[in-house]
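As structure tokens, the structure follows; a few thoughts come after it.
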Amino acid sequence: MRKNCLSGSVLILTLLLASQVFAQDRVGSITGLEGESTLERAGRQSPVALAMELKGGDRLRTGSHSHLNITLADGSQLTLFEDSSMVLGGVPSTHRASLANLLKGRLRSLIQWSPSLSSSSSVFEVHTPNAIAGVRGTDFETAYTEGRPCPGFPDCLRYTDVGVFKGVVEVSNPTSKTAAPVTVTEGHETKVPCELPPTASAPLGLGEIGGPSYH
Amino acid sequence: MRKPGASKPALLAIAFLAIACLCWISSSYAGTDFFDLANPQQLSLTLFASGFGSEKYGTTHGGLQLEQTLTRYLAVAASISAYQLYQGTGFDSPLAPASRSATRNFGRFEGGVNFTPIEGTSLAVLGGHDVGDSDAPVIDSQFSSWLIPHSLHPLNISFTLAHYYNNGVTSGTVDLRTVLLSTGSFILLGGAGSAIWGGGSARNAKAQAGPDLGIFVRDLHLRINLQGGYGSSRTYGLVSFSRTFTWDE
């Protein structure tokens, strides 16, 4: 009887540990998709399907005219736009930072944020090759561009744009010698050119506004 | 009333502007992706409407503009609009003054190019023909640029230049605006604008100026602009609306 109890306890403990490990490994799932996208896991590529579970280290690529909606385990939502590529990392728990490595293209992040979390620490980060956007807010977009001159910095051919729709995002460039972070508030954006620090926060989406067009 | 002689300075100015732009483009973009096709291509539709009211005359107009990208820097544009002039004449009218106060209507068909050399700067040159109570060619251009864009209060400067062959009038506007407030849902702009017109049936140069107020609603891609002031038409007010829809191809 005692042996059976012990075996049962070990089994339950094993199951609990296994579920914990599984829960930590699973970072989210695909909740929407349009067009063709691929998932690369442990060197193997497969087409992305709806409800597919995602794990840390998964690399997602979207084709032209395609986009993916990803819901993280904590309810946060990511949209990977067309011709983009990202690697998911970390585990989205309420007390640990999770991150997305954006290697190419555009990513919009709608992050679940709780006031109980420390306001000084980010719960979600988007990394690009030359920028880190640490979130202390909810809704922002990151775009990484390569092979085109950065507006305002014509000699720089790779740059990151971070635009904030809600909340606050702290942006820094880890490759910059003077990596002073810039705090970007709602309705504003910053640009991170090459190895330079982020530009000062400026109104978001000025490209959509021209003259008043009374003619 | 056509006064071909009166249009020569305007035509020369526009031709000079076009040649200067082409020289600048070819030297600035040699060896870059200027001639590479845009990927993805984009089609955009802008619906617009505006109204002008003053002590001397009033107009309304509305229409649509289709724009198709060719390269990242260059797009072709086509525009159809309908104008209604309630009485008199003014900075935005190709009609000669009428002795009677009757509403006059005309349509405008234009085509041209929109050049975006850098993010936030654009130059559009369109030409076409009016039909209806105005029945003659028209040419107009619009330039807009954001100065000190990496700041909390960037400055937008915009010019328009138009020439109406129907009455020989050449008209220009200048607006200078800054961002007063930017939130996640809208941008509020404030500044001042002016118009100057003359030649043809307008004869002497006339002008008007006043403060500008603009709002851009992000989710709807809707722009609303207001201007009020004083000038040759005495007290006046202007309002314009435009909304853009964009499709990646």
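Taken together, the values in this text are just the output of simple stated rules run on the coordinates, not laboratory data. Everything numeric here is computed off the predicted structure, so don't read it as measured data. Glycine gets a Cβ as well: all are built from the backbone with ideal geometry, and neighbour counts include every protein chain shown.
How large is ³J(HN,Hα) for each residue in segment B:122-129, as worked out from phi by the Karplus curve 6.51 cos²θ - 1.76 cosθ + 1.60 (θ = phi - 60°), to whole Hz, x for Gly and Pro?
For segment B:122-129, the Karplus-derived couplings read 9, 9, 10, 10, 10, x, x, 9 Hz, x marking Gly and Pro.
Set the Förster distance to 25 Å, then compute FRET efficiency between B:Val217 and B:Asp248 from the Cβ-Cβ distance, nearest 0.05.
Values: r = 22 Å, r/R0 = 0.86.
Efficiency computed from Cβ-Cβ geometry: 0.70.
Can you give the direction-averaged projected area of the convex hull of the alpha-carbon atoms in segment B:177-225, in nm²?
Result: a mean projected hull area of 4.3 nm².
Below 12 angstrom from the Cβ of B:Gly127, what's the summed charge of the other residues (Lys, Arg +1; Asp, Glu -1)?
Values: positive: B:Arg108; negative: B:Glu110, B:Asp130, B:Asp140.
Once positives and negatives cancel, what remains is -2.
For the residue pair B:Leu45 and A:Ser29, what label-to-label distance in nm results when each label sits 7 Å from Cα along the Cα-to-beta-carbon direction?
That separation, rounded to one decimal, is 3.7 nm.
Going 7 Å from the Cα of B:Leu66 along its beta-carbon direction, which residues of segment B:102-141 have the amide nitrogen within less than 20 Å of the resulting point?
B:107-115, B:124-131
Step through the residues of segment A:190-198 one at a time and calculate ³J(HN,Hα) from phi using the Karplus curve (6.51 cos²θ - 1.76 cosθ + 1.60, θ = phi - 60°), rounding each to whole Hz and writing x for Gly and Pro.
My calculation for segment A:190-198 gives 9, 10, 10, x, 6, 9, 8, x, x Hz in order.
Is the C-alpha gyration tensor of segment A:28-204 telling us rounded, prolate or oblate? Criteria: a/c under 1.5 is rounded; beyond that, a/b larger than b/c is prolate, otherwise oblate.
Oblate shape, in that a/c is at least 1.5 and b/c is the bigger or equal ratio.
Can you tell me, using C-alpha contacts under 8 Å and at least 6 residues apart, the relative contact order of segment A:28-204 as a whole percent?
Rounded, it is 13 percent for segment A:28-204.
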